[in-house]
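Peer 1: One structure, as structure tokens, below. Some questions next.
The values are calculated or read from the model by the stated rules, or taken from the named source; none is laboratory data. Source: prediction; values computed, not measured. Neighbour counts are summed over all protein chains in view; Cβ atoms, including those assigned to glycine, are modelled from backbone coordinates with ideal geometry. Only protein heavy atoms, including side chains, enter the accessible area calculation; ligands, DNA and RNA are left aside. Shrake-Rupley method; radii C 1.70, N 1.55, O 1.52, S 1.80 Å.
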Amino acid sequence: MRNSSFELLRIVAMLMIVIHHFILHGICRNVMPDSIGLLVANQSVIYGVNLFLFITAYWGIKLKWKSFLGLLFICSFYKIIHLCIDIGIFDTPHAWYEWIAKPLMVFSHPGGWFVNVYIYLLLLSPLLNAAIHQMSKKQYHKVLVLLTILEIYSGYIWGQSVSNMGHDLFHFAYIYLLGRYIALYPITFRPTKII
């Protein structure tokens, strides 16, 4: 059963993502280029994608092909809208085959990295769920420690391909496993008695 507080938090995460894109690519960049205020604002919202993924992971992904095909349809629809805006407003030419290939290949060319990786996570989720189901809490803990080391050392320290600064399937799978772990094994705090 979903919790309305988590759904509200998911909406906040989406707003954080929109604000981040306004700062990085949108209107804010033209109004106040290289502003310290923009840097501070961006640092406070840049975690939107991770928060969105974490909430998704907490509840778990139950892949349903009808929903998955619906997502592909929505992405294809918006790709066609994008092509129309490119031609109609920005006068950007597109070859005839792009009108067929881009809407049909949304899982590899939707116009942004997030949709690609999220679709891959959806496809991988049955395997991740099966692995989670088979692991004991101790094994799960060891897996998370190993993945954390790989995520930090290889991805953020060296910027290598194991984790490309959070823009890849490894990072999404890591966040998914972390969120599922916290959902399955919640941290409880016991108040200490004062004598």
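Peer 1: Compute, for Phe114, the solvent-accessible surface of its heavy atoms (probe 1.4 Å) with the complete set of protein chains present, and express it in square angstrom to the nearest 10.
Peer 2: 60 Å²
Peer 1: What shape does the stretch 39-139 take by its C-alpha gyration tensor, where a ≥ b ≥ c are the square roots of the eigenvalues and a/c under 1.5 counts as rounded, a/b above b/c as prolate, and the rest as oblate?
Peer 2: Working: a/c = 3.34, a/b = 1.62, b/c = 2.06.
It is oblate, given that a/c is not under 1.5 and a/b is not larger than b/c.
Peer 1: If Lys and Arg each add +1 and Asp and Glu each add -1, what is the summed charge of the other residues whose beta carbon sits under 14 Å from the beta carbon of Val106?
Peer 2: On the way: positive: Lys79, Lys102; negative: Glu98.
Neighbourhood net charge equals +1.
Peer 1: Given a 1.4 Å probe and heavy atoms of the protein chains only, how would you sort Met16, Met105, largest accessible area at the top? Display every interim value, and only then the final one.
Peer 2: Working: Met16 30, Met105 80 Å².
In descending accessible area the options line up as Met105, Met16.
Peer 1: Right, something else. Averaged over all directions, how much area does the convex hull of the C-alpha atoms of the stretch 55-99 cover when projected, in nm²?
Peer 2: Details: hull surface 18.8 nm².
Spelled out: convex hull of the Cα atoms, projected over all directions, averaged, 4.7 nm².
Peer 1: Would you mind counting up the charge near Val145? Only other residues with Cβ under 15 Å from its Cβ, with Lys and Arg at +1 and Asp and Glu at -1. Don't skip to the answer; put the middle values down first.
Peer 2: Details: positive: Lys137, Lys138, Lys142; negative: Glu151.
Result for the local shell: +2.
Peer 1: Solvent-accessible area of Asp91, probe 1.4 Å, all protein chains present, reported in Å² to the nearest ten, please.
Peer 2: Accessible surface of Asp91 is approximately 130 Å².
Peer 1: Moving on to the next point. Would you check the accessible area of Ser5, probe 1.4 Å, heavy atoms only, in square angstrom rounded to 10?
Peer 2: We get 80 Å² for Ser5.
Peer 1: Counting only protein chains, not ligands or nucleic acids, how are Ile74, Ile81 ordered by accessible area (probe 1.4 Å), most first? Provide the component values of the computation, followed by the final result.
Peer 2: Values: Ile74 90, Ile81 65 Å².
In descending accessible area the options line up as Ile74, Ile81.
Peer 1: How much net charge surrounds Asn50 when only the other residues with a Cβ under 15 Å from the Cβ of Asn50 are counted, with Lys and Arg +1 and Asp and Glu -1? Before the final figure, lay out each step's value.
Peer 2: Details: positive: Arg10, Arg180; negative: Glu151, Asp168.
Residues near Asn50 contribute 0 overall.
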